[in-house]
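In what follows, a structure is listed as structure tokens, so that the remarks can point back to it.
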Amino acid sequence: MSDELVDFGEFVQASLPGLLRYGHALTGNPHDAADLVQTVLEKIGSRWTHVQRKTADPLAYIRRAMANAHISRWRRLRRENLVAELPEQRAAEPVDPFEHEPLWRALRELPPRQRAVIVLRYYEGLSEAEIASSLGVSAGTVKSQASKAIATLRNKIGSISGGRDEW
Amino acid sequence: MNHDDELGAELRRLFDDERLAIRPAPEAGDAIVAGARMRRRRRRTLAASGGVLTAAVLVTVGLVVGGPDPVTHEAALPTTVAPSTTTTAPGPVVVPPSFPAEPPPPPTSGAPVPTSEPASPSAPATSGSKTGSSSKVRATTRPAPAITAAVLGPDGYRTLRLGMSFADAKATGMLADADSAPAGCAAYRLTEGTANVANVTISPSGGVVAFTASGARTPENVGAGSTVTELKKAYPDLAAGPGNYSTATGSGDHYTFYVSSDGVVVNWELVAAPDC
């Protein structure tokens, strides 16, 4: 194995728990999280030296790549489901630990783009401008996506908040 | 932006929840490294076998370009993790990795967020000197764009237009399997096949909201296989994000280009207001 991949292996060991957790927030379930993390990391690893030259913070770079992959993957999944008609059945589907959390269930029903905006904002703590740059959309789009998402979440979980929606 | 509203606090609490943790499988790291090695080997094989044949169609010498292996087109290996059932608190903070063997990053990427400025780290190095000295110059295996490629944009494809209602879109006769109106956002294939456009996304409220390109190219002749350099040349106002670039079409819509880590467009979309 080359030195480059030894180094990458160490990086993976250190960052995997955090990335899986982030993927869980992004996708809403452990299976998709594992799938997303593995796919993105393999891609990054095959270019590891190059990626490190390009960015001072590979972890942040990988999280943005995951958000974008999640959004674009969703379109393909929808297409495949349309073709296959049968959604994938997983016999050993584990119980979602958040099954009874209204907010988690509401999040799961958001379109991927809106969910990504929420995760980047409240999980990663990014600003509106940073989210816009991460997702390659305008700040206005981030604002409208976020306010749509917030309105949907409020609506779904009832009024746990009387506060104004400034997003 | 009201940072302190209760819903925001609820979201932060949820994202902080220890149950969000997923325990990696013991061999997960090895599987990922093996996958990375396989991708790299395949790319090199492609570059080696394609180098001679494609030398004639190389547009720019000195670009670092690679094989066509988009992240999201890859079949996933069997899942390598099990959901966590532990009740011990996982470390919520990812340990910052260190890179002893790597050169320090360029000063321009010192910002905590790598995409906060146009000279984003997601943009590949394009200067001949830098990439050249790293001995990573490779020939692309992508053929030059066909002059006859179908054009997608700036506001639609053939008679299908962004913003068109489902009924109007259906009336063009271009949608396959368009028996029922979409209940939520749904992707439709075209009756002509998927060679040019992979699918069209229609939302109940916004009508046609996106086209996902396969072989089609923009009116500026950019498409899958184009390099970031070509993108920037075609669209000087290109906005960079990690893994993608976006530009306005001029009519309020956008082209979003998903780019591999080595700077080649792997697929792209024509998107109206992102309803979906």
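A few points about this structure:
- A:D7 being at the interface with chain B (Cβ under 7 Å from one of its Cβ atoms) and either surrounded by fewer than 24 Cβ atoms within 10 Å (Cβ to Cβ) or of a type outside the set (S, T, N, Q) (or both): yes
- Residue that is nearest to the other protein chains (Cβ to nearest Cβ) [pool: residues in the stretch B:1-46 that are in a loop (DSSP other than H, G, I, E, B) and buried (at least 18 other Cβ atoms within 10 Å of the Cβ)]: B:D5
- Looking only at the stretch A:18-67, and only at residues there that are in contact with a Phe, Trp or Tyr (Cβ under 8 Å, 6 or more places away or on another chain) and open to solvent by 10 Å² or more (accessible area, probe 1.4 Å), the one that is modelled with the highest pLDDT: A:R63
- Test: B:V222 is buried (at least 16 other Cβ atoms within 10 Å of the Cβ), in a loop (DSSP other than H, G, I, E, B) and on the phi < 0 side of the Ramachandran plot: yes
- Within the stretch B:158-190, the set of residues being open to solvent by 50 Å² or more (accessible area, probe 1.4 Å), among the aliphatic types (A, V, I, L, M) and touching a helix residue (DSSP H, G or I) at 6+ places or on another chain (Cβ under 9 Å) comprises just one member, B:A181.
Results for (1) touching a Ser or Thr at 6+ places or on another chain (Cβ under 9 Å); (2) at the interface with another protein chain (Cβ under 7 Å from one of its Cβ atoms); (3) farther than 22 Å from B:R19 by Cβ, shown as yes or no for each residue.
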position: A:G18; (1), (2), (3): no, yes, no
position: A:L26; (1), (2), (3): no, no, no
position: A:D32; (1), (2), (3): no, no, no
position: A:E42; (1), (2), (3): no, yes, yes
position: A:G45; (1), (2), (3): no, yes, yes
position: A:R64; (1), (2), (3): yes, yes, yes
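The values are calculated or read from the model by the stated rules, or taken from the named source; none is laboratory data. Bear in mind the structure is a predicted one, so any value in this text is a computation, not a measurement. Cβ: placed from backbone, ideal geometry, glycine included. Neighbour counts: every protein chain shown. In case anyone asks, the SASA skips ligands and DNA or RNA and just uses the protein heavy atoms, side chains included. Shrake-Rupley method; radii C 1.70, N 1.55, O 1.52, S 1.80 Å.
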